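S.K.: Quick one: the structure is below, and I'll ask about it shortly.
The values are calculated or read from the model by the stated rules, or taken from the named source; none is laboratory data. Bear in mind the structure is a predicted one, so any value in this text is a computation, not a measurement. As a convention, Cβ positions derive from the backbone with ideal geometry for all residues, glycine included, and neighbour counts pool all protein chains shown.
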Amino acid sequence: MKKISTVCPYCGCGCGLYVHVEKDIITGVSPVRNHPVNKGSLCVKGWNCFEFVQHPGRLKYPLIKKDGVFKKSSWDEALDWTAENLLKVKEKFGPDSIGMLSSAKCTNEENFLMMKFSRAVVGTNNIDHCARLCHSSTVGGLAKAFGSGAMTNSIDEIDSSRVLFVIGSNTTEQHPMIGMHMLDAVDRGATLIVADPRKTQIAEFAKIHLRHRCGTDVALLNGMMNVIINEGLVDLDFVRRRTENFDDFEKIVMRYPLDIAEKITGVPAVDIRRVARIYATEKRSMLFYSMGITQHITGVDNVRSCANLVMLTAHIGLPMTGLNPLRGQNNVQGACDMGALPDVYSGYQKVTDKKARKKFESAWGAKLPSVPGRTLTEMFDAAGGEIRAMYIMGENPVISDPDASHVTEAIKKLDFLVVQDIFMSDTAELASVVLPAVTFAEKDGTFTNTERRVQKLKKAIRPVCGAMPDWRIISELSKRMGYEMEYGATHEIMEEAALLTPSYGGILHHRLNNFGLQWPCPGIDHSGTTFMHRKAFTKGMGSFIPIDFVPPAEPVDGDYPFILTTGRISFHYHTGTMCRRTSTLEREEPDCFVEINPADAESLGIKTHDRLSVSSRRGEIVVNASVTDRTPEGIVFIPFHFREAAVNLITNPALDPTAKIPEYKVCAVNIAPVVPKPDEEGKFFSRRENR
Amino acid sequence: MKDEFVLSKTNLPYWLRQLRKKADLIGPLRSLNGDIIFSSIVNIHEMILDCPASIPSPKEFLFPQKEEMYKFSQKGVNTLNDNGKRIIFGVRSCDISAIALLDRFYGGLLEDDFYMSRRRNTCFISIACNNPDPTCFCSGLGTGPALKTGFDLQFTDLGDRYLVQAGSREGLRMINGFMHLFLLPEKADRDDQYEVLLSSQSIFEKRITLENVRQKILAGKVPDSFWESVASRCFECGGCVYECPLCTCFNVIDWKEKDNKGTRMRLWDTCMFKGFTKMAGNVLPAGKKIMRTKRWYFHKLLYYPEQFGRFGCVGCGRCTITCPGRIDIATIANKLD
Amino acid sequence: MKNKNKKGLYLPVDAKINDVIDLTPDVKLYKLRKPQSFFYSPGQFVMASIWGAGEVPISITSTSEIHQDIELCIRKAGFVTSALHRLNPGDSIGIRGPLGNRFPFEDAYGKDVLFIAGGIGIAPLRSLINLVIEKRKNFGKIALIYGSKTPTEVLFMPETQNWKENGIDLTLTIDVECKEWECSFGLVTEHINRQSISFESGYAFICGPHVMINAAMHDLSLLGMPAENIITTIEAHMKCGVGKCGHCYSDGRYVCTDGPVFSYAEIREFGMASP
């Protein structure tokens, strides 16, 4: 019996856990007691994160699609064929005809290699990953405001803060261990304020719960800032010493007096005023946000409004005071840091910056493209046209991207698609070649969690027979495409990344044993940074950016009278590739459902468990009704984990103009009951008997 | 008493090394990040000997989180009983008390062969606690810091030596053959042991009397509104059950591979989940969180005493550490008492 | 109930399917060859197992005094039962059992007996009904109210006629009126007080959906039947069937080992609330 200390593969909390191994079989997991994030706790996904690792459905050998059918192949054959086809496409249509999707589920080292592969081997900046769909607005928005788009504070500071303002985050379900710290803070007397249309679990502990209309965050925040300015609660010293552009910003905010804010958001003016006063007057105030802020066509605006708010009140640059985007995936922070984005190298060094490009060119011995590449959403739009081949590592865009049928169509138009995954995902089904990769328990590397903590992942078991770590696959492929990548182990890749990435300069594997290091960590003698923007912002002066309210892209109307908002539930994770192969998690929530308010349900004659058709201008899905007052009137909520009722068939692909993030959180839908088909009768037999 | 001995700390590694030749020696190690974890011992000198608390409980060696039960194929079915010999050193008294209860639960007329085959091959060497944690409350339940019966071998740390008590034939067997290492105790040894236990008792920070809580619940003095407030803080992580040394529930699942081959295995399961009692046609007998929280607490506080004459809690404090909502048994008991 | 299977508590034994009869579109009757030393009584159940799919508790619907085979009545309701439905004569089902307690029918000797069944709830009662007919002279009046949703969902239709001929006062009812039905209409509970048995001294055996059971037990006790005489069998989610896995545990009792047969008195005492 061995216990290997590693990091949970689910969310951005980055909880430490032990994987228990007996005779190369994982027999369980347990939490790390001293870990600064989870402190001996785990959420239900963490407790069950081992089950999928040795699931019989794992991909065990490469598959090549010939005449529409997957054929088992050897690694050599599959790699040769992949290299050959990628080279063919590159030759015929140029390097920019190939698109790369890296993965927030893979390690920093693998993301670094993927970006190196894309830029140095293929020669394109067309590299992106799912951060486009969750926090691209944060990365872009905060870069403009502060110069760095990450959580400014550490998770274990939360306990001692005095005010927690949570906007657009269902923390206890989505980041349970951060939710735990928040509850601890509340128990110690902190004031919790939640702004969320839905009555989530964390909202039950809020002193004030603002249920604003979906997509009106800018108006709400501007309203708050209006109060703060009018009541003289602005920290003028801070504004003068550390920020710029206050005057332009003030002019816009003055257009949002409380009555207007109330009219747009639906939140009573008194509540907005109370929240503004509480947030501004208490000094140790932390602001948290998540997808509720970012996944809008105004995602960047929302993020910048949050940044404006913290600068206005000087709630940044100190412990327990800051702006904290909660990143979703276990390594989405790292994937961004490592430059798996179309416009930046690792450490957010711009590809358009000559100096940076020079540095990478000389390190890699290759000419690098200078024009930013396509984003994930743009790659699918150009598929079959300017994009001819794609290489997708550990992502499942067919389920995760908006207007999923459009993505499927786009993928089918590609000449060549490589998918590298641990299971046969819906995207892998469409691939020309499928390369079997390994899970978190079978490889080494590092993950960066949401608080910028780079933690070491340790190999617990041998890879299931036939599968290979992603970083090895990439280097093998690279070799076959004429670019040698000689790495003996993952720490060598990290060494190279550290050399080229200022904020990761001191992050080397041997320094990460004690719960890792938090970047910025510029040198080997630096002990990491627990809170950011101390004394000065990363970019120098913080910028106020005036933001006007823009309504969501798709308003409700007579045909589609409900607002649909999407999200996650605590038992599942994203597209379900891992969790839906975990018996305990799958048993809890096997079916997709739509949450609908009792008043709406009554007017439509709907009861819990009824089958409902939810349709938008883009498609229709059939789901079970769940009547609950968690969701306010006029709004319905559907989790996006379920491939059989993929909510992204109906979501709106309208994009934020700068971050290109789709508006998952608002679209207009119609709801109608469905009469069950005769063969479905039996399934609901016993329930209907219970009247 | 004849089955009491004294073992010099100098001789401990030698003795353990000899025992290890016949069994997998499992003991507490300090991991790189400072945690205490029980795992197979490679270097005996790395073992932590002052009876530290561990997460998870040693039930994992008798009833692992995932246990393969049967392998099946076209040819037939193989039972995968684990017969590996194990000696687990450094277990706390609370956990030994829990294992005694598990033995009664899994044994008896309907004997769980998977548990029992592990149990029969596992010996426990427990250490009387001289450093209870702030979360511990075994002293109020009679399950620690030291035990009078129910152990194989119980060590008491007397500074430079251990007082060793053998409580079972298995325990004596581990000492037999090494009598040259074990001396007979003298009065000074017993005096030291008494003092160690006395000082240990004084360290406890929690004084919890579950009996008061039980009486209060039985008298109907705990309203549903109380349980409602408890349930509202539940994260549904299942940690309390996974960590509890006494929780025994499991789920059975089949993994099917190609050619009708596959594995039937059991996994820890949790009554804190609504799917735990789900019946055909999506009927949820315990659909509300409050029903499940009450179920767990009532099982531990009311029905264990009915069935086994003891509480379903040994005061190990693990749920206090692991519960993210801070609604562990000690907190609840403190609120009610 | 001793663990006779030395090989292991959870290891099913193969039982060959001798025959499969379609009772309704989603209910099939399986006749299994009885393994050696398999002695069971009405009310007991088995864990039916398919390797690769899983195990489910199924009550035995045959009567050991009458039937050669073990008969299981299986409704397609989930993953395992769907897999069971794909099996044909000659295939095998793994079974463990018999498990659980039995109907305390000796207590009813010399008394009137009322059976109330709803839907597939007839399955465990059939085992007892056939036994009671076998020992007809030990009992007083016998009545059966058997309710179904629609005429097509009535199980064991020919056999019910046989029961009628053997002196059972039979009320077949379906929930909603329709043309091609010649018997009664309405919920089973609407027919209870029309029975000519002695409620004060008689016994009732009930099985069906939870709501029906609860309503019937309540009505019977209002009609004066002692709570100890009202006997039902409870359905619960189970994984082991032998009191270990904890799924069927409720308020201090395991449905699998302390039940599945409980009296109304026990259910009230332990608050074993149905959903």
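S.K.: Can you name the residue in the stretch A:615-629 that is part of a loop (DSSP other than H, G, I, E, B) and not basic (Lys, Arg) and is also surrounded by the most Cβ atoms within 10 Å (Cβ to Cβ) among such residues?
M.R.: The extreme case among them is A:Thr628.
S.K.: From the list A:Val44, A:Val69, A:Val7, pick out the single residue that is surrounded by fewer than 17 Cβ atoms within 10 Å (Cβ to Cβ), of a type in the set (Val, Ile, Thr) and farther than 30 Å from B:Ala23 by Cα.
M.R.: A:Val69
S.K.: Quick check on my filter: what residues within the stretch C:192-229 are closer than 20 Å to C:Gly121 by Cα and acidic (Asp, Glu)?
M.R.: The answer is C:Asp219, and nothing else.
S.K.: Next up: Name the residues in the stretch A:350-366 that are in contact with a Leu (Cβ under 8 Å, 6 or more places away or on another chain), over 20 Å from A:Thr377 (Cβ atoms) and touching a residue at least 12 places away in the same chain (Cβ under 8 Å), would you?
M.R.: A:Arg357, A:Lys359, A:Phe360, A:Ala363
S.K.: State which residue pairs qualify: first residue within 21 Å of A:Lys443 (Cα to Cα) and inside the stretch A:410-431, second residue among the acidic types (Asp, Glu) and assigned to a helix (DSSP H, G or I) in any location, beta carbons under 7 Å apart, and separation of 6 or more residues or different chains.
M.R.: A:Gln420/A:Asp470
S.K.: Those residues that are hydrophobic (A, V, I, L, M, F, W, C) and within 19 Å of A:Arg198 (Cβ to Cβ), I need them from the stretch A:288-305; list them, please.
M.R.: Result: A:Phe288, A:Met291, A:Ile293.
S.K.: Next question, about the same structure. Mind checking whether some residue in the stretch B:273-291 is surrounded by 19 or more Cβ atoms within 10 Å (Cβ to Cβ), touching a residue at least 60 places away in the same chain (Cβ under 8 Å) and of a type in the set (D, E, K, R)?
M.R.: No, there is no match, as no residue in the stretch B:273-291 is surrounded by 19 or more Cβ atoms within 10 Å (Cβ to Cβ), touching a residue at least 60 places away in the same chain (Cβ under 8 Å) and of a type in the set (D, E, K, R).
S.K.: For the stretch A:128-229, which fully contained strands (runs of 3 or more DSSP E) count at least 3 residues that are closer than 30 Å to A:Asn111 by Cβ and modelled with pLDDT of 95 or more?
M.R.: none
S.K.: A follow-up question, please. In the stretch B:270-297, which residue that is of a type in the set (Phe, Trp, Tyr) and assigned to a helix (DSSP H, G or I) is farthest from the other protein chains (Cβ to nearest Cβ)?
M.R.: Looking at residues that are of a type in the set (Phe, Trp, Tyr) and assigned to a helix (DSSP H, G or I), I get B:Tyr297.
Here's the yes/no breakdown for (1) assigned by TED's automatic domain parsing to the domain that holds A:Pro369; (2) hydroxyl-bearing (Ser, Thr, Tyr); (3) over 23 Å from A:Arg357 (Cα atoms); (4) touching a Cys at 6+ places or on another chain (Cβ under 7 Å):
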position: A:Asn85; (1), (2), (3), (4): yes, no, yes, no
position: A:Pro95; (1), (2), (3), (4): yes, no, no, no
position: A:Thr124; (1), (2), (3), (4): yes, yes, no, no
position: A:Lys144; (1), (2), (3), (4): no, no, no, no
position: A:Ser148; (1), (2), (3), (4): no, yes, no, no
position: A:Asp156; (1), (2), (3), (4): no, no, yes, no
position: A:Ser160; (1), (2), (3), (4): no, yes, yes, no
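S.K.: May I ask you to list the residues in the stretch B:108-146 that are without any contact (Cβ under 8 Å) to a residue 40 or more places away in the chain, within 14 Å of another protein chain (Cβ to nearest Cβ) and under 16 Å from the mean Cα position of the chain (by Cα)?
M.R.: Listed by number, the list holds a single entry, B:Met116.
S.K.: Show the residue pairs that are 6+ apart or on different chains and have beta-carbon atoms under 6 Å apart, the first residue being within the stretch A:42-68 and within 10 Å of chain B (Cβ to nearest Cβ) and more than 13 Å from A:Cys465 (Cβ to Cβ), the second being outside any loop (DSSP other than H, G, I, E, B) and among the β-branched types (Val, Ile, Thr).
M.R.: A:Asn48/A:Thr584; A:Phe50/A:Ile26; A:Phe50/A:Val29
S.K.: Continuing with this model, one more query. Looking at the stretch B:304-320, I want the residues that are within 14 Å of chain C (Cβ to nearest Cβ) and at negative phi and have a partner that is among the basic types (Lys, Arg) and surrounded by fewer than 17 Cβ atoms within 10 Å (Cβ to Cβ) with Cβ atoms under 7 Å, at least 6 apart or on another chain. Which pairs are those?
M.R.: B:Phe308/B:Arg104
S.K.: Of the conditions (1) away from chain C (no Cβ under 11 Å); (2) in contact with a Leu (Cβ under 8 Å, 6 or more places away or on another chain); (3) more than 27 Å from A:Thr171 (Cα to Cα), B:Glu211 satisfies every one except a single condition; which number is it?
M.R.: (2)
S.K.: Only one residue in B:Asp191, B:Asp254, B:Asp224 is under 26 Å from C:His237 (Cβ atoms) and either surrounded by 14 or more Cβ atoms within 10 Å (Cβ to Cβ) or free of Cβ contacts under 8 Å to residues at least 12 places away in the same chain (or both), so which one is that?
M.R.: Step by step, each of B:Asp191, B:Asp254, B:Asp224 is checked, and only B:Asp254 is under 26 Å from C:His237 (Cβ atoms) and either surrounded by 14 or more Cβ atoms within 10 Å (Cβ to Cβ) or free of Cβ contacts under 8 Å to residues at least 12 places away in the same chain (or both).
S.K.: Among the residues of the stretch B:266-295, how many are of a type outside the set (Ser, Thr, Tyr), out of contact with any Gly (no Cβ under 7 Å at 6 or more places or on another chain) and more than 17 Å from A:Pro590 (Cα to Cα)?
M.R.: Residues that pass the stated criteria total 10.
S.K.: When the residues of the stretch C:83-109 are filtered to those that are small (Gly, Ala, Ser) and modelled with pLDDT of 90 or more, which remaining residue is nearest to C:Met212 (Cα to Cα)?
M.R.: Once the filter is applied, the top-ranked residue is C:Gly100.
S.K.: Now, a different point. Among the residues of the stretch B:227-246, write down those that are at the interface with chain A (Cβ under 10 Å from one of its Cβ atoms), over 25 Å from B:Lys59 (Cα atoms) and crowded, with 16+ Cβ neighbours inside 10 Å.
M.R.: B:Arg233
S.K.: Of all residues being in a strand (DSSP E or B) and of a type in the set (A, V, I, L, M) in the stretch B:54-82, which is farthest from B:Thr248 (Cα to Cα)? Just the residue, please.
M.R.: B:Val77
S.K.: Name the residue, out of C:Ser196, C:Ser201, C:Ser184, C:Ser250, that is within 12 Å of another protein chain (Cβ to nearest Cβ), of a type in the set (S, T, N, Q) and either out of contact with any Cys (no Cβ under 8 Å at 6 or more places or on another chain) or farther than 19 Å from B:Lys278 by Cα (or both).
M.R.: C:Ser250
S.K.: Next question. Can you work out which of the residues in the stretch A:564-614 that are within 12 Å of another protein chain (Cβ to nearest Cβ) and in contact with a Ser or Thr (Cβ under 6 Å, 6 or more places away or on another chain) is surrounded by the fewest Cβ atoms within 10 Å (Cβ to Cβ)?
M.R.: Here the answer is A:Thr608.
S.K.: Checking the conditions here, which among A:Gly232, A:Gly189 is surrounded by fewer than 16 Cβ atoms within 10 Å (Cβ to Cβ) and in contact (Cβ under 8 Å) with a residue 24 or more places away in the chain?
M.R.: Every option except A:Gly189 fails the conditions.
S.K.: Now a separate question. What number of residues in the stretch B:306-330 are in a helix (DSSP H, G or I) and either crowded, with 21+ Cβ neighbours inside 10 Å or in contact with a helix residue (DSSP H, G or I) (Cβ under 7 Å, 6 or more places away or on another chain) (or both)?
M.R.: The qualifying residues number 7.
S.K.: I've got another one for you. Given the conditions (1) surrounded by 18 or more Cβ atoms within 10 Å (Cβ to Cβ); (2) among the basic types (Lys, Arg); (3) touching a residue at least 40 places away in the same chain (Cβ under 8 Å), report the number of the one that C:Lys16 does not fulfil.
M.R.: (1)
S.K.: Of all residues in the stretch A:495-525, how many are more than 22 Å from A:Met151 (Cα to Cα), of a type in the set (A, V, I, L, M) and in the same structural domain as A:Lys88 (by TED's automatic domain parsing)?
M.R.: Number of matching residues: 2.
S.K.: So, of the residues in the stretch A:425-450 that are among the hydroxyl-bearing types (Ser, Thr, Tyr) and closer than 28 Å to A:Met151 by Cβ, which turns out to be surrounded by the fewest Cβ atoms within 10 Å (Cβ to Cβ)?
M.R.: A:Thr439
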